[in-house]
Amino acid sequence: MTLNFAANLSFLFQDLPFEKRFQAAAKAGFKGCEFLFPYAFEPDQINDWLQEAGIELALFNLSPGNWDEGERGLAALKGRQREFFDSLDQAIEYANVIGCKRLHIMAGCVGDDIHKSARKTYIDNLSFAADKLQSTNIIGLIEPINPSDMPGYFLNDVTEALDILDEVGATNLKLQYDCYHRAMVGKDIVEGINLAGDKLAHIQIAGYPGRNEPYSGSLDYTPIFNRLIELKYDGWIGCEYHPLTDTISGLEHDRFRLNQSET
């Protein structure tokens, strides 16, 4: 089988305007794409760019709140529920227009002293989101993010993420699994994939520790990709990394080609 790679357009093809990155990704061989946030553009515009490029949108995030002020999501922030509900409605509206079936629900950054109360808020908001998404055929995703790259982020650990998914108990909430973030907290990547089981719905990759091309660091992706092939994983693998030079040079490297997982 062949694994399905998606270009993260917030990271790759940075030399091009955003609207040109869709065509560039398709030309480079990607069948799918993802990005952080679409809200600077109208959903019809994004849909047109996708259609023109003949590429599928795998994923985007709910609004993070005020990114420039350091906010990284709203779902675990007590007292911000109304803003979270509004951001969910906004994301669903965009997803319906552009045909996206996965939304990343960012937890947000909280202090260690309020982690317990933040967990309750998070679970309540995820339950609300699951109910809201039930009729849309959209999967909500949660992602552990390492605390070095995003200090204070509520969710850092795959095991805790899986516990939260179990506690919410919604079949339309799944795990977004970033291999780089897993490596940054010193955990084994394949072990995490095995733990996730059928809750695994989206994967992202980058080299460790530099977050450049997957071949660029000390993390060997061969056993990771082989395990995904063994599991017949047919979801997307988002290429969410900072190219060392330019995007195309990295993609053409011997150790990372989009068809390298074909067996």
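The values are calculated or read from the model by the stated rules, or taken from the named source; none is laboratory data. Owing to the predicted nature of the structure, the values given are computational and were not obtained by experimental measurement. Ideal geometry is used to build each Cβ from the backbone, glycine not excepted, and the neighbour counts take in all protein chains shown.
Among (1) aliphatic (A, V, I, L, M); (2) assigned to a helix (DSSP H, G or I); (3) in contact with a His (Cβ under 8 Å, 6 or more places away or on another chain), where does LEU141 come up short?
(2)
Would you be able to tell me the number of residues in the range 173-192 that are assigned to a helix (DSSP H, G or I), closer than 27 Å to THR247 by Cα and either out of contact with any Gly (no Cβ under 8 Å at 6 or more places or on another chain) or not basic (Lys, Arg) (or both)?
So the answer is 7.
May I ask you to say which residue of TYR177, TYR241, TYR208 is within 30 Å of CYS109 (Cβ to Cβ), out of contact with any Ser or Thr (no Cβ under 9 Å at 6 or more places or on another chain), crowded, with 16+ Cβ neighbours inside 10 Å and not charged (D, E, K, R)? Write out each step before concluding.
Details: TYR241 fails: out of contact with any Ser or Thr (no Cβ under 9 Å at 6 or more places or on another chain); TYR208 fails: out of contact with any Ser or Thr (no Cβ under 9 Å at 6 or more places or on another chain).
Residue meeting the stated conditions: TYR177.
Please name all residue pairs, on different chains or six or more residues apart, with Cβ atoms under 9 Å, provided the first residue is in the range 235-263 and is among the acidic types (Asp, Glu) and in a loop (DSSP other than H, G, I, E, B) and the second residue is modelled with pLDDT under 95 and loosely packed, with under 14 Cβ neighbours inside 10 Å.
GLU262/MET1; GLU262/THR2
Does ALA24 meet the test of being touching a Leu at 6+ places or on another chain (Cβ under 8 Å) and under 20 Å from GLY140 (Cβ atoms)?
No, not satisfied.
Matching residues to (1) surrounded by fewer than 21 Cβ atoms within 10 Å (Cβ to Cβ); (2) under 19 Å from the mean Cα position of the chain (by Cα); (3) among the acidic types (Asp, Glu):
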site	(1), (2), (3)
GLU34	no, yes, yes
PHE41	yes, no, no
GLU52	yes, no, yes
GLY73	no, yes, no
LYS78	yes, no, no
PHE84	no, yes, no
ILE92	yes, yes, no
CYS100	no, yes, no
GLY111	yes, no, no
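Which ones in the range 119-152 are surrounded by 22 or more Cβ atoms within 10 Å (Cβ to Cβ) and at pLDDT below 95?
none
Taking the residues in the range 65-102 that are of a type in the set (A, V, I, L, M) and in contact with a Phe, Trp or Tyr (Cβ under 7 Å, 6 or more places away or on another chain) as candidates, determine which candidate is farthest from SER117 (Cα to Cα).
Residue satisfying both the conditions and the ranking: LEU74.
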